[in-house]
Amino acid sequence: MFKPNNKANSYKYSSFTNTTKIIGDITSTDDIRIDGYFKGNIKVQQKVVIAEKAIVNGNIEAKNISVYGKINGEIKVAQLIEIQSEAVITDNIYTREIAVSKGGIINGKIITTKQKDKL
C-alpha cells in the first residue's frame, strides 16, 4: 500500500486507527492513512489512504489517493485517485487520472486535467 521512501526500505507514513476520532487539519510531506473518523482538511505531498471503515468530512489535496471508505468533501489529486468498490465520495474530484472499481460511488463531478503533478 505504501512504498519505501529511503534506501533502508523503511516506510515513512502516519496512520490513524479505526478507534481514533480527529477534528482539525492535517498537513504532511509523507504518506498518511486514515482508518477512523476525521473532520477537517488534509493536505499531503505524497499518498493518502482512506481505509474501508474511515469517514472523512473535509477536503483532501494529495499527490495520490486510494479510497476504500467515505469522503464528504472536495478532492484534488495531482496524479491518480483510486476509488475502490466500497468507497463513497460526495463532492467534486479534480485529478489527472482516475480508476474506479465496480461498486465505487461518486456523488459529484469528476474534472480531469492533463497537467502533471499540478492542480
- prompt: Which whole-number percent of Cα pairs in the range 65-119 have a distance greater than 12 Å?
  reply: 58
field: Percent of C-alpha pairs per 10 Å bin, the range 13-112, short to long
entry: 18, 58, 23, 1
query: If the cut-off is a Cα-Cα distance under 13 Å, which aspartates and glutamates reach K114, setting aside same-chain residues fewer than 8 apart in sequence?
result: E97
- line: Net charge near I75 (other residues with Cβ under 14 Å of its Cβ; Lys, Arg +1; Asp, Glu -1) is +2
message: Give me the dipole magnitude in Debye, nearest 20, for the range 13-112 about the Cα centre, with unit charges on the beta carbon: positive for Lys and Arg, negative for Asp and Glu.
response: 100
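Bear in mind these aren't lab numbers, they're just calculated from the coordinates by the rules spelled out. Fair warning: this is a prediction, and the values are worked out from it, not measured in the lab. Glycine gets a Cβ as well: all are built from the backbone with ideal geometry, and neighbour counts include every protein chain shown.
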